[in-house]
Protein chains: 2
Amino acid sequence: MTTTQVIRNVRPLGAAAVDLVLEAGKIKALLPVGSAAPELPCLLDGQGQLLLPALVESHVHFDKTLWSMPWRPNSAGPTRNDRISNEQVLLKNFDVPIAQRAGALTEHCIALGSLYFRSHVDVQTVWGLRHVEAMLALRDQYKHLIDMQLVAFPQGGLLIQPGTTALMQTALEMGVDIVGGIDPAAIDRDPVRHLEILFDWAVRYDRGVDIHLHDPADLGRWEIERIADMTQAHGLQGRVMISHAYCLGAFAPVELHALADRLAELQISIMTCAPSHVTVPPVAMLRSRHVNVCSGSDGIRDAWSPMGNGDMLERAMLIALRFGWSKDSDLEMAFDMVSTGGARALGLPAYGLAPGCPANLLILPAENLAAAVVDRSPRRTVISRGHIVARDGVFLAR
Amino acid sequence: MTTTQVIRNVRPLGAAAVDLVLEAGKIKALLPVGSAAPELPCLLDGQGQLLLPALVESHVHFDKTLWSMPWRPNSAGPTRNDRISNEQVLLKNFDVPIAQRAGALTEHCIALGSLYFRSHVDVQTVWGLRHVEAMLALRDQYKHLIDMQLVAFPQGGLLIQPGTTALMQTALEMGVDIVGGIDPAAIDRDPVRHLEILFDWAVRYDRGVDIHLHDPADLGRWEIERIADMTQAHGLQGRVMISHAYCLGAFAPVELHALADRLAELQISIMTCAPSHVTVPPVAMLRSRHVNVCSGSDGIRDAWSPMGNGDMLERAMLIALRFGWSKDSDLEMAFDMVSTGGARALGLPAYGLAPGCPANLLILPAENLAAAVVDRSPRRTVISRGHIVARDGVFLAR
């Protein structure tokens, strides 16, 4: 039996109120408010609240979170390598399983309105495939509620850590969705070989690519050019993401127009968390040249930093602060990065509020999109595939 | 009759739990938990929550907020002067009185745990003393709950707008607490004369000085040196604040050691909201050289920007993000800027959790100071002068 239900009186993206008809977990129709058949079962009376598609978390590290654990003062040294080795020591023998920590955080993120995730999963010789196994199980556990993509992520380096390439291939064979890389120059010290391996795997296993790129300024920019070359050479248009890309913040935007046009043509997405203590990609310029840009939380309460809460509306607010945005159109751009831009980056087949899309929805009190980003109301109702799964920050689908 | 009451089982700044004895609106004693006399009336069972002194908002513009109003898309042009003139047009004939907007925001800020405020008040020829009158009335209306300092603030310039100096003097005579200035070079174009006037008034009216300084890099730094000169010449040590001071972020911290030492010696405080789209003062270096640093919200939902919510714990979190801080000691430094550093900047005579201080308190669930900053729990109990005035974000003292 297929149940047809209606969400009455919600304003899609701030437009005029509608009744939203749902069927078989999907959006069936948007009707003028009050015009859905009165006999249809009412899933929710929206009372004129804002209707949004569920949010997209395009870059997170669920497997390494310490969420739900007692507070742990950060103990890492100052460099990226210090942080990597500090984390290895901490997590290698951590006595609370990933399932518990990452599960608690996943449910928290769902309760905040995110139903689409790309989570990087550490593949390191220090713990082998333990994180991969745990995250594949977690993906399976929550697959009735969320779409979770996993990236095989060589946090400690790919070439510099002998044994990692074999683990990476096994991870991909086990079902990890995306080939991950990290700082081909600064960490692996052989950028061409690093990228060749990633793109070979992408073709061989038919997977996308997602590369952490913290390498600075001209070095990082040169690597982005090489990633573009390889994307083109391997026919991976639309399947490559460059995460962080701090280097793009080191130039005047006008200097990057040609590179931006190339990224747009190859449909390479840029992911930025818009951190405020480093340079960040010039989002407005990239978007004006049709580069897809998305955002994520990165680490949430982990060995790198205790910061973060997984709220993608807060992330949109932080993006706006990062660029000093105050116009509605700018705040809508920030919202796009945690919704449609993320969906495009993740290659989601049907995303949004159109008929046929999954009924993955976030309903909250806000006058419009800009106000939703600024206010980040905690009074959120989250609907996954036609079912209410969270209210007011409380996960209900356990 | 003086009532003695007790708050049982709270952890001051994260230390071991105590019973906090209050008398006549002040802290009387901190006793080991369980040792306060059982017959004492219990104001609150803290259940082991964190006890903080009420937060200090050192820089806000209550008079210009659009808080509690319908959403208004930002309509300002790109420059600072565009924003000033846009605001003049918007606010000149705004049909909702300042009392209503600023009152709603004041109560909201109280509910978030701030009980000490320094609010700049526009003194402009375009609306004369209207803002001053409204804010003096507001200060009076809430004086039983909060300490509010008002700064006479020549937003449109002091010399460049004929008639402003007379209005400023009237504002000071009416009881405004602090002499304000703004960009003596970029806006007023006669920095020495601008500063001479401010410091003359400070001496004549026996008031402190608080100068908005957005002027960039070497220009701003030169003005800070002149402010130091005048502070010394006029004997105003401990009574001068420089707000924003973006210029200090344009230099390597080591280049600023001598200037920092001078600011420390003259007890000139630096206020930064730590915005992420401009350069900001190097807080850690300044503090390491004993410069007092505090923070504020600046504008909250006004004609400049719709951003901001007055939450000083969120402000501390944003400060930490701005500098990439993740250590507990750094998060405690951020907290200091919205508490003790603010109290010092505002010259509050008794601030903190020691016996004799006003019982102005914030109690919330958090393991420690660092966690309080990161988590920003909305489950806050706010106590003003021994009375519970807000719970869970709801102002109760209307």
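The values are calculated or read from the model by the stated rules, or taken from the named source; none is laboratory data. Here the structure is a predicted model, which means the values were calculated and not measured. Methodologically, a virtual Cβ is constructed for each residue, glycine included, from the backbone with ideal geometry; neighbour enumeration extends over all protein chains shown. When the accessible area is computed, the model is the full protein with side chains, heavy atoms only, and any ligands, DNA or RNA have been set aside. Shrake-Rupley method; radii C 1.70, N 1.55, O 1.52, S 1.80 Å.
In the range A:13-168, what % of DSSP beta bridges are antiparallel (nearest 5)?
40 percent
Under 5 Å between amide hydrogens, which residues at least 5 positions from A:Ala185 or on another chain qualify, with H placed 1.01 Å from N in the peptide plane?
Amide H neighbours of A:Ala185, under 5 Å, 5+ apart: none.
Using the 7 Å Cα-to-Cβ label point, sort the distances from A:Arg204 to its equivalents in the other copies shortest first and give them in nm to one decimal.
8.3
For chain A, find the longest principal axis of its Cα atoms and tell me its angle to the long axis of helix A:191-205, 0 to 90°, nearest 10.
That helix lies at roughly 50 degrees to the long axis.
Taking the dipole about the Cα centre of the protein assembly as shown, with the C-beta of Lys and Arg at +1 and of Asp and Glu at -1, give me whichever of A:Val56, A:Ala372, A:Gly393 is farthest to the positive side.
Value computed over the given set: A:Gly393.
What three numbers, in Å, describe the spread of the alpha carbons of the range B:141-281 along their principal axes, ordered from the longest?
43, 37, 32
Relative contact order (percent) for chain B, with alpha-carbon contacts under 8 angstrom and 6 or more residues of separation?
20 percent
Among A:Asp188, A:Asp177, A:Asp200, whose mean-square fluctuation peaks in a Gaussian network model of chain A (Cα, cutoff 10 Å)?
Of A:Asp188, A:Asp177, A:Asp200, the most mobile in the Gaussian network model is A:Asp200.
Got a number for the accessible area of B:Glu173? Probe 1.4 Å, square angstrom, nearest 10.
130 Å²
7 Å along Cα→Cβ for the label point: how many nanometres lie between B:Pro78 and each equivalent label in the other copies, listed shortest first?
Spelled out, the distances from B:Pro78's label point are 3.7 nm.
Report, by chain and number, residues whose modeled amide H sits under 5 Å from the one on A:Asp210, excluding near sequence neighbours (fewer than 5 apart, same chain).
Correct list: A:Val179, A:Gly180, A:Gly181, A:Met241.
Can you name the residue in chain B whose Cβ lies closest to the B-to-A rotation axis, and give that gap in whole Å?
Residue plus distance in Å, as requested: B:Ser276, 2.
Mind checking the angle between helix A:130-141 and chain A's longest principal axis? C-alpha axes, 0 to 90 degrees, to the nearest 10.
Tilt relative to chain A: about 10 degrees.
Have a look at the range A:323-344 and report residues whose accessible surface goes down by 40 Å² or more when the remaining protein chains are included, against the chain on its own, probe 1.4 Å, ligands and DNA/RNA excluded.
By number: A:Ser326, A:Lys327, A:Asp328.
Looking at chain A from every direction and averaging, what is the projected area of its Cα convex hull in nm²?
So the Cα hull casts an average projection of 18.8 nm².
At 222 nm, what helix-only mean residue ellipticity would chain B give, in deg cm²/dmol to the nearest 500, using -39500 (n - 2.57) for each DSSP H run of four or more?
Taking each H run of at least 4 residues, the total per residue is -10000 deg cm²/dmol.
Looking at chain B, send over the antiparallel percent of its DSSP beta bridges, to the nearest 5.
In chain B, approximately 45 percent of DSSP beta bridges are antiparallel ones.
Calculate, in nm to one decimal, what B:Lys143 and B:Lys26 gain on full extension: separation in residues at 0.36 nm each, minus their alpha carbon distance.
Result: 40.5 nm gained on full extension.
Once you charge only the Cβ atoms, +1 for Lys and Arg and -1 for Asp and Glu, what is the size of the charge dipole of the protein assembly as shown about its Cα centre, to the nearest 20 debye?
Using Cβ point charges on Lys, Arg, Asp and Glu, the protein assembly as shown gives about 1160 debye.
Once amide H atoms are placed 1.01 Å from N in the peptide plane, what residues at a sequence separation of 5 or more from B:Ser297, or on another chain, have their amide H within under 5 Å of its amide H?
Sorted by chain and number, the residues that satisfy this are B:Ser58, B:His59.
In the range B:55-346, if the dipole is taken from +1 on Lys/Arg beta carbons and -1 on Asp/Glu beta carbons about the Cα centre, which of B:Leu129, B:Ser288, B:Ile160 is farthest to the positive end?
The listed residue farthest towards the positive side: B:Leu129.
Ordering A:Arg322, B:Arg130 from largest to smallest accessible area (1.4 angstrom probe), what's the sequence?
The residues order as B:Arg130, A:Arg322, largest area first.
Give, rounded to the nearest 20 debye, the magnitude of the charge dipole that chain B has about its Cα centre when Lys and Arg contribute +1 at Cβ and Asp and Glu contribute -1 at Cβ.
I would put it at about 600 debye.
Under 28 Å Cα-Cα from B:Lys64, which lysines qualify once same-chain neighbours fewer than 8 residues away are excluded?
Within the straight-line cut-off, B:Lys64 pairs with A:Lys327, B:Lys92, B:Lys143.
In sequence order, what are the phi-derived ³J(HN,Hα) couplings for the range B:152-158 according to the Karplus relation 6.51 cos²θ - 1.76 cosθ + 1.60 with θ = phi - 60°, rounded to whole Hz, with x for glycine and proline?
Per-residue couplings from phi come out as 6, 10, x, 3, x, x, 9 Hz.
Per residue, what accessible area does chain B have, given a 1.4 Å probe and all protein chains present, in Å²?
Heavy-atom SASA per residue in chain B reads 35 Å².
Using only Cα atoms and rounding to the nearest 10 degrees, what angle (0 to 90) does helix A:312-323 make with the longest principal axis of chain A?
Here the helix axis deviates by roughly 60 degrees.
For B:Val374, what accessible area in Å² do you get when you roll a 1.4 Å probe over the heavy atoms of the protein chains, rounding to the nearest 10?
10 Å²
Could you pull the copy-to-copy label distances for B:Lys143, with points set 7 Å along Cα to Cβ, in nm to one decimal and sorted shortest first?
Spelled out, the distances from B:Lys143's label point are 6.9 nm.
Note down the net charge around A:Ala260, summing +1 for each Lys or Arg and -1 for each Asp or Glu among other residues with Cβ under 13 Å from its Cβ.
0
With +1 on each Lys and Arg Cβ and -1 on each Asp and Glu Cβ, and nothing else charged, work out how big the dipole of the range A:263-354 is about its Cα centre, in Debye to the nearest 20.
The dipole magnitude comes to about 140 debye.
Heavy-atom accessible area of A:Thr340 with all protein chains present, probe 1.4 Å, nearest 10 Å²?
Approximately 50 Å² of A:Thr340 is accessible to the 1.4 Å probe.
Please name whichever of B:Gly220, B:Gly238, B:Asn93 sits farthest to the positive end of the charge dipole of chain B, dipole taken about the Cα centre and charges placed at Cβ: Lys and Arg +1, Asp and Glu -1.
B:Asn93
Which of rounded, prolate, oblate describes the protein assembly as shown, given a ≥ b ≥ c as roots of the alpha-carbon gyration tensor eigenvalues and a/c under 1.5 marking rounded, otherwise prolate only if a/b is larger than b/c?
prolate
Which percent of the accessible heavy-atom area of the range B:55-346 goes to carbon and sulfur, probe 1.4 angstrom?
Result for the range B:55-346: 50 percent of the exposed heavy-atom area is carbon or sulfur.
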